[in-house]
Amino acid sequence: MKEKVAKEVKSGNRIAILSTCSDPWGGSEELWARSIPHLQEKGFEITLLKKKIHFEHPKIQDLKKMNVHFIELDSAPQGSWLGMVKKGWNQLRYPKRDIASVRFGHFIQKHKPALSIIAQGNNFDGLHFAKVCSETQTPYIIICQKAIDYLWPRAEDRQWMQKTFVHAKRCIFVSPQNQVLTEEQFGFRFSNAQTIGNPLKIKPEVLPYPSTDTGFHLACVGRLFVAEKGQDILLRILTKKKWQERNLKITFIGDGKDSAGLKALADLLNVKSVVFSGFKNDIKAVWKEHHALILPSRNEGLPLVIIEAMAAGRMVISTNVGGNINLIEEGKTGFIGDATVESLDSALERAWDSRTRWKQMGIEAYECIKIYIPEFPELEFAEAVSSICNE
């Protein structure tokens with residue numbers, strides 16, 4: 001099993017971070033990752049646990065340089081005789097738990113961390129790990145990055161999930177809307193909740209506005225995953241004759257499981273005004289070439305791509321999900337629609353009618369972000385973690 005075993009340090013100095021993100025790296029991991037240097041300065045030792053750790057990823061390489069320890073919870077080599085025997089034995093001993101939860105429990109019992117951070121991509125996809133902490137009387141906090149209005153807990157899980165939230169030292173939400181939706185899904189108000197936004201990847205700065213001589217260029221930045229990001233909605237909008245006749249181009253920036261499907265859909269619908277450019281690491285370079293962001297998401301937390309676009313002086317066209325409505329003021333810093341072809345098309349139409357104001361709207365978006373988003377939310381997170389450990 002690939003792991004760097006934690007040194008024998010005092011349990012009061014050890015913090016375990018369990019990330020449920022299945023991708024090599026995700027936006028949901030930025031908050032806790034940025035907090036690590038600040039926690040280490042306070043004397044804490046960090047262990048990261050994930051089902052699968054992509055050790056070649058630059059972000060993981062950065063954590064290695066910071067002497068973070070790693071444990072893979074689903075790391076038995078495929079076809080490994082010993083791995084299959086261990087998996088079968090654990091399934092017999094713990095028939096109602098997945099192997100990752102069992103291994104996390106073993107880690108908790110052996111190393112007894114002062115605090116476990118359960119970093120979720122949604123609002124209850126990692127609660128089974130938090131339940132392990134609750135059962136072993138290990139202090140824990142829960143990060144909820146996103147709540148989905150149509151994704152509710154199963155009836156048979158509601159009771160133990162409610163208790164898991166209640167017993168947490170803190171439940172961190174990235175937007176007030178996600179907290180409210182989670183409360184409505186579970187039927188009680190949280191007394192242990194705190195809102196902390198995600199950190200910016202770029203320093204707020206109004207970047208030079210690109211020339212419009214070759215038309216207007218929108219960037220659609222995000223993982224190519226239609227169930228959440230809704231890029232298919234945008235492609236259907238662009239089949240309309242009015243958009244085919246206008247000098248508007250859209251660049252899809254990102255990779256994901258639906259990359260081939262979206263390209264095939266664009267070909268099928270004969271949409272000529274889009275480009276698939278893949279993942280771009282240099283976000284400033286993106287905004288030096290594009291006039292605005294368009295984000296047709298079906299669900300979100302508090303999207304980093306919106307925050308970064310506004311911080312770069314770009315207005316935003318997006319959907320009324322997650323914390324978007326707190327960031328985007330209709331007609332002033334952007335335009336809001338629902339995640340449907342008709343509604344988002346109407347928002348894009350309003351934006352097109354105001355295209356001569358996009359530059360000024362971007363400046364107002366920048367001013368909004370400076371007020372709304374703290375420059376270093378990771379410091380606030382590190383302080384919250386530290387204060388809980390010191391209780």
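General observations
- Annotation: of all residues in segment 365-391 being within 23 Å of the chain's Cα centre (by Cα) and charged (D, E, K, R), the one that is least open to solvent (accessible area, probe 1.4 Å) is Glu378.
- Residue match in segment 357-366 (condition: part of a loop (DSSP other than H, G, I, E, B), at pLDDT 95 or above and in contact with a strand residue (DSSP E or B) (Cβ under 7 Å, 6 or more places away or on another chain)): no
- Some residue of segment 354-364 being under 28 Å from Ile117 (Cα atoms), of a type outside the set (A, V, I, L, M, F, W, C), in contact (Cβ under 8 Å) with a residue 24 or more places away in the chain and buried (at least 23 other Cβ atoms within 10 Å of the Cβ): no
- Looking across segment 139-185, the residues that are surrounded by fewer than 21 Cβ atoms within 10 Å (Cβ to Cβ), under 22 Å from Glu391 (Cβ atoms) and of a type outside the set (D, E, K, R) come down to Pro139, Val166, His167.
- Residues that are part of a helix (DSSP H, G or I) and among the small types (Gly, Ala, Ser) were ranked within segment 223-276; the one that is least open to solvent (accessible area, probe 1.4 Å) is Ala266.
- Residues satisfying the stated conditions in segment 46-96, i.e. among the hydroxyl-bearing types (Ser, Thr, Tyr) and modelled with pLDDT of 95 or more: Thr47
- Restricting segment 291-344 to residues that are out of contact with any helix residue (DSSP H, G or I) (no Cβ under 6 Å at 6 or more places or on another chain), open to solvent by 10 Å² or more (accessible area, probe 1.4 Å) and in a helix (DSSP H, G or I) leaves a set whose member that is farthest from Gln177 (Cα to Cα) is Glu342.
- Residue selected from segment 14-54 under the condition among the polar types (S, T, N, Q) and more than 17 Å from the chain's Cα centre (by Cα), by the criterion surrounded by the fewest Cβ atoms within 10 Å (Cβ to Cβ): Gln40
- Residues located in segment 206-262, provided they are of a type in the set (Phe, Trp, Tyr) and in contact with a strand residue (DSSP E or B) (Cβ under 8 Å, 6 or more places away or on another chain): Phe216, Phe252
- Residues of segment 187-209 satisfying the condition of being within 19 Å of Ser175 (Cβ to Cβ), touching a residue at least 24 places away in the same chain (Cβ under 8 Å) and under 19 Å from the mean Cα position of the chain (by Cα): Gln194, Ile196, Gly197, Asn198, Pro199, Leu200, Lys201
- Pairs linking a residue in segment 365-389 that is over 22 Å from Thr138 (Cα atoms) to a residue that is open to solvent by 10 Å² or more (accessible area, probe 1.4 Å) and of a type in the set (S, T, N, Q), with Cβ atoms under 8 Å and 6 or more positions apart or on different chains, are Tyr372/Asn326.
The values are calculated or read from the model by the stated rules, or taken from the named source; none is laboratory data. Predicted, not measured: the structure shown is a model, and the values here were computed from it. Note that we place each Cβ from the backbone using ideal geometry, even for glycine, and neighbour counts take in every protein chain shown. Each accessible area value is taken on the protein alone, full model and side chains, heavy atoms only, with ligands, DNA and RNA left out. Shrake-Rupley method; radii C 1.70, N 1.55, O 1.52, S 1.80 Å.
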